[in-house]
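Asker: Shown below is the structure under consideration.
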Amino acid sequence: MNRILIILTLVLLAFAVTAFPQSATQTPSQRIVATVNGEEITQETLNTASQLSQIIQSLFNSHYLFVETLFTTEEGKSFIDRYQRTVLDRLINNRLLIQQAKALEIPVDESQIDQQVTAQLNQIMQQNQLTLEQIDDILKQRGSSLEEYKADIANSVREQLLVQGLQAFITKDAGVTEDEITAYYNDHQSDYTDDSGTVSPLADVHDQIRDALLRQAKSKLWDDWFAKVKKEAKIEISL
């Protein structure tokens, strides 16, 4: 057990310090792992998003042999690298979406942000039976504060609302024709046939088909738009 703990500690330290190139003035958390149209994504941002340290520590408590295998085999190291890259790709995609939302001046309701911040804090207090003062004390022990925590929540909520607004804007022209609804119904009548062989009339399933086709149309419009945005973006990855 002690041997595994030593391995875990050394590997985590090595991962944090040597996984990426750095300048003489950069700390490990300040390393740039990617740039998206000139905007930097740091190692600290990636660590926060991946929560790799927390995951490993949690696994170590109950599955230490798994952790040892993860860090001492090429397959395990490859899995960690792949996981980090997957998280980084999501961060890059999100950064692109936020950039596009701001460029298109997608509006955000600040009162809605305030409401969600309050709701999340209330949920934390209720679930953990804590006061705001106690939460602040805990955060200060970790080098943060209640105000910083609220700002982080607000920023996360704001980004979610920006992306939702952007998606609504990009897909607003998606539509479905009556001919498309009828054609889908005729091609998929088995989906609307009950055990006795009775086929539901189009009128009964019209709205269901329309909504499904509209979701597909919006999804395609969104995917095609984002693929174009990403292709035209200047993305540099140092992972």
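Every number here is computed from the coordinates shown, using simple stated rules; none is lab data. The model shown is predicted, which means the values in this text are computed figures rather than measured ones. FYI the Cβ positions are ideal-geometry reconstructions off the backbone, even for glycines, and counts take in every protein chain you see.
Asker: Could you please state, rounded to a whole Å, how far the C-alpha centre of the range 79-130 is from the C-alpha centre of the range 195-233?
Answerer: After rounding, the separation between the Cα centres reads 27 Å.
Asker: Oh, and also: Kindly provide the pair-distance distribution of the chain built from C-alpha pairs, with 10 Å bins from 0 and whole-percent values in order of increasing distance.
Answerer: Values per bin, smallest distances first: 6, 19, 23, 24, 17, 9, 3, 0.
Asker: Additional query: Determine ³J(HN,Hα), in whole Hz, for all residues of the range 216-222 in sequence, where each value follows from phi through the Karplus function 6.51 cos²θ - 1.76 cosθ + 1.60 and θ = phi - 60°; x replaces Gly and Pro.
Answerer: 5, 5, 5, 4, 5, 4, 5
Asker: Suppose every K and R has +1 on its Cβ and every D and E has -1 on its Cβ; what is the size of the dipole of the chain about the Cα centre, in Debye to the nearest 20?
Answerer: The dipole magnitude comes to about 1140 debye.
Asker: Identify, among VAL163, ASN37, GLN208, the residue whose Cα sits farthest towards the positive end of the charge dipole of the chain, taking +1 on the Cβ of Lys and Arg and -1 on the Cβ of Asp and Glu, with the dipole about the Cα centre.
Answerer: In the chain, that residue is ASN37.
Asker: Between LEU130, LEU104, LEU96, which gets the highest mean-square fluctuation from a Gaussian network model of the chain, Cα cutoff 10 Å?
Answerer: Among LEU130, LEU104, LEU96, the largest mean-square fluctuation in the Gaussian network model of the chain belongs to LEU130.
Asker: Across the chain, how many lysine pairs separated by 8 or more positions, or lying on different chains, have Cα atoms within less than 25 Å?
Answerer: Going through the chain pair by pair, I get 21.
Asker: Kindly write out, for the range 60-72 in residue order, the coupling ³J(HN,Hα) from the Karplus curve 6.51 cos²θ - 1.76 cosθ + 1.60 (θ = phi - 60°), rounded to whole Hz, with x marking Gly and Pro.
Answerer: After applying 6.51 cos²θ - 1.76 cosθ + 1.60, I find 4, 5, 10, 9, 5, 5, 4, 5, 4, 4, 4, 9, 10 Hz.
Asker: Then there's this: Compute the Rg/Rh shape ratio of the range 108-170: radius of gyration over Kirkwood radius, all on alpha-carbon atoms. Show your work: numbers first, answer last.
Answerer: Details: Rg = 13.8 Å, Rh = 12.7 Å.
That ratio equals 1.08.
Asker: Take the eigenvalues of the Cα gyration tensor for the range 43-83, scale each by 5, and report the square roots as semi-axes in whole Å, largest first.
Answerer: In descending order, the three semi-axes are 18, 14, 6 Å.
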